[in-house]
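The values are calculated or read from the model by the stated rules, or taken from the named source; none is laboratory data. Since we're looking at a predicted model, the values are computed, not measured. Cβ atoms come from the backbone with ideal geometry, glycine included; neighbour counts cover every protein chain shown.
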Amino acid sequence: MKNKPTYNFFIPCTLLIILVTLFFIFASRKPKEEENVANTNIAESIPSFAVTVKTPYYTGQGVVYATDENIAYVVTTGHLTEGITAGEFCTVTLHDGTESDAVLIYCSETADVAFLMLEMQGKVETVPQNREQFDRLQAESLVTAYSMTNGALKQSTGTIIEPWIYLEDFSLDMMLVKMDAEAGMSGCAVLDEEGCFAGVLCGVSETGEAAVLPFSIIESEWIMTGRERDS
């Protein structure tokens, strides 16, 4: 399951030339204007807790989990940080396209999760968290994964198969979700129907069963970093 995962021919000639010229001028402008509007809409639609993470070896997703003044803490999958150790840097791209250096501050020895720290260059939001609501998740509950590819937001809706099930590939109890996921989505946020954090996507099987690291485990691992007192 764990993947290490495609607008009168009788018009005088001079006037005709002028009209044709004007047509091409406006025709060339319109796509650019539409493109700018489209890019603006995309930027506005991407939640600012969604980021991409790039190491010298892998590229995936991350989630702004906590903030402290101008510091942001990003949660991602542990396997995405393979090849680097605590104290080393990778690159995080924020929802607005801003790239920042992030330092790996923690990688769990038991769960597929890691935390990064970076200085914020602009305003970001943390992923909405509600532990009581998370505890109410059950089979057939709907969830949505949010990931970014080339600055565009991708939303993948799924249904929980089992909120807790032991998965040998992760040697851990995970959330199993039926979802259309693909390579490059590892580490992205999975939210419940109310828009609250349910976990991060860690991998997907060939049959479309996605393994999600539950929010409650992420919460426990965050406490292990010792940084929860600062956020």
request  = Give the range 90-149 a look and list any residue that's in contact with a Ser or Thr (Cβ under 8 Å, 6 or more places away or on another chain), at pLDDT 95 or above and among the basic types (Lys, Arg), or say none.
outcome  = Arg131
ask   = Of Ala189, Ala210, Ala181, which residue is touching a Phe, Trp or Tyr at 6+ places or on another chain (Cβ under 6 Å) and more than 17 Å from Ser108 (Cβ to Cβ)?
value = Ala189
ask   = For the range 139-157, does any single residue satisfy the condition of being crowded, with 19+ Cβ neighbours inside 10 Å and more than 30 Å from Glu99 (Cα to Cα)?
value = no
ask   = Within the range 119-138, is even one residue among the small types (Gly, Ala, Ser), more than 13 Å from the chain's Cα centre (by Cα), in the same structural domain as Thr67 (by TED's automatic domain parsing) and surrounded by 23 or more Cβ atoms within 10 Å (Cβ to Cβ)?
value = no
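Quick one: how many residues across the range 66-89 are in contact with a Leu (Cβ under 6 Å, 6 or more places away or on another chain), aliphatic (A, V, I, L, M) and either surrounded by 15 or more Cβ atoms within 10 Å (Cβ to Cβ) or modelled with pLDDT under 95 (or both)?
Going through the range 66-89, the residues in contact with a Leu (Cβ under 6 Å, 6 or more places away or on another chain) turn out to be 72, 74, 81, 84, 86, 88.
Right, trim to aliphatic (A, V, I, L, M) and you get 72, 74, 84, 86.
From what is left, the residues that are either surrounded by 15 or more Cβ atoms within 10 Å (Cβ to Cβ) or modelled with pLDDT under 95 (or both) are 72, 74, 84.
Final tally of qualifying residues: 3.
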key: Of all residues making up the range 57-88, the number that are farther than 16 Å from Ile217 by Cα and touching a helix residue (DSSP H, G or I) at 6+ places or on another chain (Cβ under 7 Å)   = 2
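Mind telling me which of the residues Asp169, Asp112 ends up being within 18 Å of Gly78 (Cα to Cα) and assigned by TED's automatic domain parsing to the domain that holds Thr77? Spell out how you get there, then give the answer.
Working: Asp169 fails: assigned by TED's automatic domain parsing to the domain that holds Thr77.
Among Asp169, Asp112, only Asp112 is within 18 Å of Gly78 (Cα to Cα) and assigned by TED's automatic domain parsing to the domain that holds Thr77.
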remark   = Checked pairs for the range 124-136, first of a type in the set (A, V, I, L, M, F, W, C), second assigned to a loop (DSSP other than H, G, I, E, B) and surrounded by 15 or more Cβ atoms within 10 Å (Cβ to Cβ), C-beta under 6 Å and 6 or more apart or across chains, list as Val124/Ser48; Val127/Phe49
task = Filter the range 42-65 for residues that are of a type outside the set (A, V, I, L, M, F, W, C), in a loop (DSSP other than H, G, I, E, B) and surrounded by 14 or more Cβ atoms within 10 Å (Cβ to Cβ) and give the result.
result = Pro47, Ser48, Thr55, Tyr58
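Name the residues in the range 112-145 that are in a loop (DSSP other than H, G, I, E, B) and under 23 Å from Val204 (Cβ atoms), would you?
So the first thing to find is which residues in the range 112-145 are in a loop (DSSP other than H, G, I, E, B), and the list is 112-113, 120-130, 136-141.
Matches in the range 112-145: Asp112, Val113, Val127, Leu137, Gln138, Ala139, Glu140, Ser141.
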ask   = Taking the range 173-209, which residues are small (Gly, Ala, Ser) and more than 15 Å from the chain's Cα centre (by Cα)?
value = Ser205, Gly208
